[in-house]
1. For residues that are at negative phi and either part of a loop (DSSP other than H, G, I, E, B) or more than 15 Å from the chain's Cα centre (by Cα) (or both), scanning just region 88-99, find the one that is surrounded by the fewest Cβ atoms within 10 Å (Cβ to Cβ).
2. I want to confirm something. Restricting to region 18-33 and keeping residues that are within 16 Å of residue 164 (Cα to Cα) and surrounded by 17 or more Cβ atoms within 10 Å (Cβ to Cβ), which single residue is modelled with the lowest pLDDT?
3. Could you list, in sequence order, all residues of region 115-132 that are in a helix (DSSP H, G or I) and crowded, with 21+ Cβ neighbours inside 10 Å?
4. Those residues that are closer than 15 Å to residue 124 by Cα and surrounded by fewer than 16 Cβ atoms within 10 Å (Cβ to Cβ), I need them from region 61-83; list them, please.
5. Going residue by residue through region 64-83, is there one that turns out to be under 26 Å from residue 179 (Cα atoms) and assigned to a loop (DSSP other than H, G, I, E, B)?
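The values are calculated or read from the model by the stated rules, or taken from the named source; none is laboratory data. Model, not experiment: these values are computed from the prediction. Positions of Cβ are backbone-derived with ideal geometry, glycine not excepted, and every protein chain shown enters the neighbour counts.
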């Protein structure tokens with residue numbers, strides 16, 4: 001969509017990445033998750049990007065509270081609209097059913113609205129545990145994650161998907177890794193050695 005893709009800092013050192021990278025965060029420890037996500041959010045805000053947080057297990061205020069405890073002040077950006085917290089169930093499944101194609105269009109709209117508003121880039125991070133709630137269509141989760149890679153080629157919103165290994169099956173975690181070009185390892189963003197360009201042929205409950 002845009003002629004020139006911005007480079008962004010993801011919060012894990014000085015390395016710059018092209019906007020639009022698709023990152024998988026697999027975690028078992030909540031403290032680790034908060035630390036990683038806070039760095040991702042803070043670096044986006046410092047870069048004057050529009051940042052979206054999609055929450056499933058916690059409320060908007062809880063997101064603000066733990067970010068504040070980690071010294072990430074989001075209040076000015078919340079007031080300006082540069083930082084937004086949305087509810088996962090209504091974001092991914094606005095009509096009570098998960099339709100990957102519909103969510104892909106939502107991502108495109110998120111990118112386009114930020115671009116039109118003059119932000120140099122945009123990023124989103126979402127708690128993927130919504131897919132464990134038995135919502136119709138959630139068995140298409142991995143199909144969706146694979147499709148996101150195509151969306152980001154034309155609408156380069158930087159995305160970090162959060163998978164709780166204590167809740168998702170080992171099979172789903174591994175399949176999620178297979179469709180994310182990047183992953184978090186030891187609190188660094190690295191190229192994912194498990195990444196496959198083609199999604200695994202699988203539809204099952206996460």
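1. Taking region 88-99 and keeping what is at negative phi, we get 88-95, 97-99.
From what is left, the residues that are either part of a loop (DSSP other than H, G, I, E, B) or more than 15 Å from the chain's Cα centre (by Cα) (or both) are 90, 93-95, 97-99.
On the way: 90: 12, 93: 20, 94: 13, 95: 10, 97: 12, 98: 22, 99: 16.
For region 88-99, the residue satisfying everything is 95.
2. Kept after step one, since they are within 16 Å of residue 164 (Cα to Cα), are these residues of region 18-33: 23-33.
If we keep only those that are surrounded by 17 or more Cβ atoms within 10 Å (Cβ to Cβ) as well, we get 23-27, 33.
Numbers: 23: 98, 24: 98, 25: 98, 26: 97, 27: 96, 33: 93.
Taking the candidates together, the pick is 33.
3. Filtering region 115-132 down to residues in a helix (DSSP H, G or I) leaves 115-116, 128-132.
Residues satisfying the conditions are 128, 130, 131.
4. 78, 81
5. Let us first name the residues in region 64-83 that are under 26 Å from residue 179 (Cα atoms), namely none.
No, every residue in region 64-83 fails to be under 26 Å from residue 179 (Cα atoms) and assigned to a loop (DSSP other than H, G, I, E, B).
Residues are listed down the side, and each one gets a yes or a no for (1) modelled with pLDDT of 95 or more; (2) farther than 22 Å from residue 166 by Cα; (3) in contact with a strand residue (DSSP E or B) (Cβ under 9 Å, 6 or more places away or on another chain):
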{"position": "63", "(1), (2), (3)": "no, no, yes"}
{"position": "68", "(1), (2), (3)": "no, yes, no"}
{"position": "94", "(1), (2), (3)": "no, yes, no"}
{"position": "99", "(1), (2), (3)": "yes, yes, no"}
{"position": "105", "(1), (2), (3)": "yes, yes, no"}
